[in-house]
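These notes concern the structure reproduced below.
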Amino acid sequence: MAEVTFYGHACFSVKDEETSLIFDPFLNDNPLSPVKSDEIKADYILLTHWHMDHLGDTFKIAKAQDPMVISTFEPATLCESRKIRAHAMHLGGKHKFDFGFVRVTPAFHGSGVPGGHACGFIVNFKGHIIYHSGDTSLFGDMKLLGELEKIKLALLPIGDNYTMGISDAVRAVEMIKPEVVIPMHYNTWPVIECDPEEFKKEVEKRTGTQCVILAPGESYSLL
Ligand code: NI
Ligand code: MN
């Protein structure tokens, strides 16, 4: 059975008995993470951008486990220059991997590398469609993403300051129309403190989407 586990901030794993993906593996220096980088299994790392709170322990995990890093061209090339296996994609591109497809989505945010672009991912993991938006502002084409793919689970930032805050993230849910949303990128540091219960209340009042709040270390089963 497939499940999604939250490690705090923007770091999630999506795994079943065979395959484990990890989004933005910020673990060892993540004040919210209950695990360190040597305690998680990664066959693939999906990297939304090259900021330290997302790149995190990519190099350490790559050295120990030889996963494939999936990212946009510039971060993927930087990984390859460090002898890390990488698959370069870019905005709007879709590619099939052994677990399912990955579609790279725009994110309005810095990339952390010259000439790069931050991204999000829509992943089909063994038939479950999951959208990890990466760090982003609200943008109107989120509506289009929800039309292009029937998104079951959306992982969206709510912490404000660097990304969408609660009210904009509720607007995002209205446009994406996922079955379930899990909030991320909040309460890691004082500048992004907020109450996820407030997000849940607004989402469930204004949309047909269920909001699941995961404490770091908790999992959500994809049925
Ligand atoms: Ni960032
Ligand atoms: Mn961030």
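In region 101-199, which GluC sites (Glu not before Pro) are in a loop and have at most 14 other Cβ atoms within 10 Å, using DSSP for the loop call? Can you show the working numbers first?
Numbers: sites: GLU147, GLU149, GLU174, GLU179, GLU193, GLU197, GLU198; in loops: GLU149, GLU179, GLU193.
Here the sparse-neighbourhood loop sites are GLU179, GLU193.
When the chain is treated as a GNM, springs tying every alpha-carbon pair under 10 Å, which of ASN28, ASN187, ASN161 comes out with the largest mean-square fluctuation?
So, out of ASN28, ASN187, ASN161, the one fluctuating most is ASN161.
Relative contact order for region 105-181: what is it in percent, counting Cα pairs under 8 Å that are at least 6 residues apart?
Numbers: 140 pairs, mean separation 20.4, N = 77.
Here the relative contact order equals 26 percent.
Identify which of THR58, THR105, THR207 has the largest mean-square fluctuation in a Gaussian network model of the chain, with springs joining Cα atoms closer than 10 Å.
THR207
Relative to the longest principal Cα axis of the chain, at what angle does helix 166-176 sit, 0 to 90 degrees, rounded to 10?
Here the helix axis deviates by roughly 80 degrees.
Just to be sure I understand: of the beta bridges DSSP finds with both ends in the chain, what percent are antiparallel, rounded to 5?
Values: 27 of 47 bridges.
For the chain, the DSSP antiparallel bridge percentage is about 55.
What's the exposure ranking of LEU144, LEU222, going from fewest to most Cβ atoms within 10 Å? Mind dumping the intermediate values first?
On the way: LEU144 13, LEU222 19.
Ordered from fewest to most neighbouring Cβ atoms within 10 Å, LEU144, LEU222 come out as LEU144, LEU222.
List SER13, SER71 from most exposed to least, where exposure is judged by having the fewest other Cβ atoms within 10 Å. Don't skip to the end; give the middle numbers.
Numbers: SER13 19, SER71 30.
Least to most surrounded, the residues fall as SER13, SER71.
Kirkwood Rh over alpha-carbon pairs of region 92-223, then Stokes-Einstein at 37 °C and 0.692 mPa s: what D in µm² s⁻¹, rounded to an integer? Walk me through the numbers on the way to the answer.
Working: Rh = 15.0 Å.
Diffusion coefficient, whole number: 218 µm²/s.
Report the rotationally averaged projected area of region 151-213 based on its alpha-carbon convex hull, in square nanometres. Could the numbers behind the result be given before it?
Numbers: hull surface 14.1 nm².
Over all viewing directions, region 151-213 projects a mean Cα-hull area of 3.5 nm².
Over the chain, what is the relative contact order in percent, taking alpha-carbon pairs closer than 8 angstrom and at least six residues apart?
Relative CO of the chain lands at 18 percent.
For a bin width of 5 Å, list the pair-distance distribution of region 1-59 built from all Cα-Cα distances, rounded to whole %.
Final binned percentages: 4, 22, 34, 25, 11, 3, 0.
Can you sort MET164, MET89 from fewest to most other Cβ atoms within 10 Å of each residue's own Cβ? Before the final figure, lay out each step's value.
Numbers: MET164 24, MET89 20.
With the fewest neighbours first, MET164, MET89 line up as MET89, MET164.
Considering only ASP168, ASP141, ASP53, give the residue with the highest GNM mean-square fluctuation for the chain, with springs between Cα atoms whenever their separation is below 10 Å.
ASP141
Given all pairs of different Cα atoms, what value in angstroms does the Kirkwood hydrodynamic radius of region 21-106 take? Mind showing how you got there, number by number?
On the way: mean 1/r = 0.0770 Å⁻¹.
Across region 21-106, the inverse of the average 1/r is 13.0 Å.
Taking every pair of alpha-carbon atoms in the chain, give the share separated by more than 30 Å as a whole percent. Mind showing how you got there, number by number?
On the way: 3305 of 24753 pairs.
Everything past 30 Å amounts to 13 percent.
How large is the charge dipole for the chain, taken about the Cα centre, if only the Cβ atoms of Lys, Arg (+1) and Asp, Glu (-1) carry charge, to the nearest 20 debye? Spell out each step's value before the answer.
Details: 21 positive and 30 negative charges, 115 e Å.
I would put it at about 560 debye.
Among the GluC sites (Glu not before Pro) in region 1-83, which ones are in a DSSP loop with at most 14 other Cβ atoms within 10 Å of the Cβ? Mind listing them? Each step should come with its number before you reach the end.
Numbers: sites: GLU3, GLU17, GLU18, GLU39, GLU80; in loops: GLU17, GLU18.
Those that pass, being in a loop and sparsely packed, are GLU17, GLU18.
Within the P(r) computed for region 122-164, what percentage of the Cα pairs occupies the region above 16 Å?
Of all Cα-Cα distances in region 122-164, 38 percent exceed 16 Å.
Quick one: which of LYS83/LYS150; LYS15/LYS94; LYS152/LYS201; LYS152/LYS200; LYS60/LYS152; LYS143/LYS200 span more than 26 angstrom between C-alpha atoms? Mind dumping the intermediate values first?
Numbers: LYS83/LYS150 36 Å; LYS15/LYS94 20 Å; LYS152/LYS201 19 Å; LYS152/LYS200 17 Å; LYS60/LYS152 31 Å; LYS143/LYS200 20 Å.
Pairs exceeding the cut-off: LYS83/LYS150; LYS60/LYS152.
Each reported figure results from applying straightforward, stated rules to the coordinates on display, with no laboratory input. Remember, it's a predicted structure, so these values are computed and weren't measured experimentally. Ideal geometry is used to build each Cβ from the backbone, glycine not excepted, and the neighbour counts take in all protein chains shown.
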